[in-house]
Amino acid sequence: MTTRKLRMGMIGGGPGAFIGAVHRIAANMDGEAELVCGAFSSDAEKSRQTGEMLGLAANRIYGSYKEMIRRETELPADERMDFVSIVTPNHVHFDPAKLALENGFHVVLDKPMTFDLEEAKKLQAIAKKSQLFFCLTHTYTGYPMVKEARQQVLSGKFGKIRKIYVEYPQGWLSTFLEGSDQKQAAWRTDPSRSGMAGAMGDIGTHAFNLAEYVSGLQTTKLCADINIVVEGRKLDDDGAVLLKYNNGASGVLFATQIAAGEENNVKIRVYGEKGGVEWKQEDANTLLVKWLDKPAETWRAGTGYLSSHASHNCRTPAGHPEGYLEAFANLYRNFALSVKGQIAGEKLKPEWLDFPGIEEGVRGMAFIENVIKNGKSNEKWTEFTI
């Protein structure tokens with residue numbers, strides 16, 4: 001495998017953008033990639049300022065993503081970027097991702113994947129044709145103990161899975177924050193930039209992805225209650241969904257941004273015939289394994305009894321907490337190892353390939369459209385369609 005760092009470009013992540021800095025930290029954490037170029041804002045001057053602050057060469061700071069992809073394509077193969085990280089609002093996901101893939105660049109894209117399901121299916125076809133790697137940053141699947149939860153469930157030791165509970169409560173939009181000068185609130189509650197969903201698109205997709213990842217199941221039907229609680233808001237800020245899965249199991253998902261006092265208390269519980277697992281982000285290094293006929297077990301990150309999928313994503317010994325940034329970095333690391341392995345013509349390890357991709361992106365967009373459609377209708381249960 002090549003020992004050089006992958007060359008990374010970034011689209012978005014300029015002034016006032018919270019997630020861009022998180023992506024840059026995550027990409028850099030394991031020394032597998034380095035930022036070499038970027039188009040950080042639709043405002044060319046703001047892009048220049050950001051690039052200079054990050055120490056990039058002046059000729060690798062671009063005024064638009066179209067200029068960046070065109071000019072990077074013209075560079076020699078040993079200089080141009082290997083992949084691009086796209087950290088823009090939802091309505092600026094499809095076009096740059098499409099352009100990057102069509103010009104031979106691997107893609108890391110923030111979730112949800114696109115503005116709507118139609119765009120997602122188009123991007124899926126482009127990605128499949130390109131044979132390039134595509135990573136969608138569903139951060140919570142990067143936690144070692146979430147990966148351990150999945151391995152425990154897939155081992156079959158709990159028997160047939162019967163019940164899934166997944167929740168994502170936040171409180172930051174408990175007031176009409178978009179009415180002030182708050183950039184994140186402004187675009188996330190704007191239908192022209194966020195799409196048809198608010199809370200269900202922003203955090204509901206995380207909960208949906210987490211449930212399918214840990215259980216290994218797929219949603220087949222749903223029944224949704226979607227609410228706009230804060231007066232004047234244009235998109236949902238609260239909701240709950242009943243789910244049916246392809247093995248007959250049932251589930252409950254709730255996502256809300258008006259739970260005053262909550263931060264990002266993501267939690268999942270999966271139960272089978274003989275036992276189950278419980279994980280929550282507030283104690284991310286712990287996995288509870290529960291049994292029908294014996295005491296519950298507490299499994300910890302960094303220990304020697306974990307599966308290879310979990311231990312591969314641990315950096316420190318047990319008792320040294322790893323959190324959100326490390327989970328995010330695990331996505332980048334596995335993506336980078338896969339790209340490097342492909343470049344070297346090596347057989348890719350299953351642990352490297354364990355990151356969310358284009359299929360998860362399409363299912364996430366289908367979740368948004370199915371949930372909002374059902375929530376607005378008078379029907380109780382509707383089929384989950386893509």
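Derivation of every value follows stated rules applied to the coordinates shown; laboratory data play no part. What you see is a predicted model; the values in this text were computed from it and never measured. Counting neighbours? That spans all protein chains shown, and the Cβs are built from the backbone with ideal geometry, glycine included.
Of note:
- Fraction of beta bridges assigned by DSSP in the chain that are antiparallel (%, nearest 5): 60
- Only Cα pairs under 8 Å and 6+ residues apart enter the sum, and on that basis the relative contact order of the chain stands at 20 percent.
- Counting only aspartates and glutamates at least 8 places from Lys121 when in the same chain, those with an alpha carbon closer than 15 Å to its own are Asp95, Glu359, Glu360, Glu369.
- The range 247-386: C-alpha gyration tensor shape, a/c 1.5 cut-off, then a/b vs b/c: oblate
- The alpha-carbon of Lys280 sits under 12 angstrom from the alpha-carbons of these aspartates and glutamates, leaving out residues fewer than 8 places away in its chain: Glu167.
- Within straight-line cross-link reach of Lys340, aspartates and glutamates at Cα separation under 13 Å, skipping those fewer than 8 residues along the same chain: Glu32, Asp82
- Charging the Cβ of each Asp and Glu at -1 and of each Lys and Arg at +1, and nothing else, the dipole of the chain about its Cα centre rounds to 960 debye.
- Per-residue packing, averaged as other Cβ atoms within 10 Å, sorts the ranges 306-319, 340-353 into the order 306-319, 340-353, beginning with the highest.
- For Thr139, Thr286, order by how many other beta-carbon atoms lie within 10 Å, fewest first: Thr286, Thr139
- Exposure proxy ranking, count of Cβ atoms within 10 Å, fewest first, for Trp291, Trp172: Trp291, Trp172
- Too-long pairs where the Cα-Cα distance tops 20 Å, listed order kept, from Lys147/Lys349; Lys111/Lys290; Lys221/Lys376; Lys111/Lys347; Lys128/Lys373: Lys111/Lys290; Lys111/Lys347; Lys128/Lys373
- Value of relative contact order over the range 34-141, rounded to a whole percent, pairs C-alpha under 8 Å and six or more apart: 19
- Taking Cα centre as origin and charging only the Cβ of basic (Lys, Arg, +1) and acidic (Asp, Glu, -1) residues, the dipole magnitude of the range 255-386 rounds to 160 debye.
- Ordering Asn370, Ala336, Ile386 by Cα displacement along the dipole of the range 328-386 toward the positive end leaves Ala336 in first place; charges were set at the Cβ atoms of Lys, Arg (+1) and Asp, Glu (-1).
- Shape category assigned to the range 69-223 from the gyration tensor of Cα positions, a/c cut at 1.5: oblate
- About its Cα centre, the range 224-290 has a charge dipole of approximately 360 debye under the convention of +1 per Lys or Arg Cβ and -1 per Asp or Glu Cβ, with nothing else charged.
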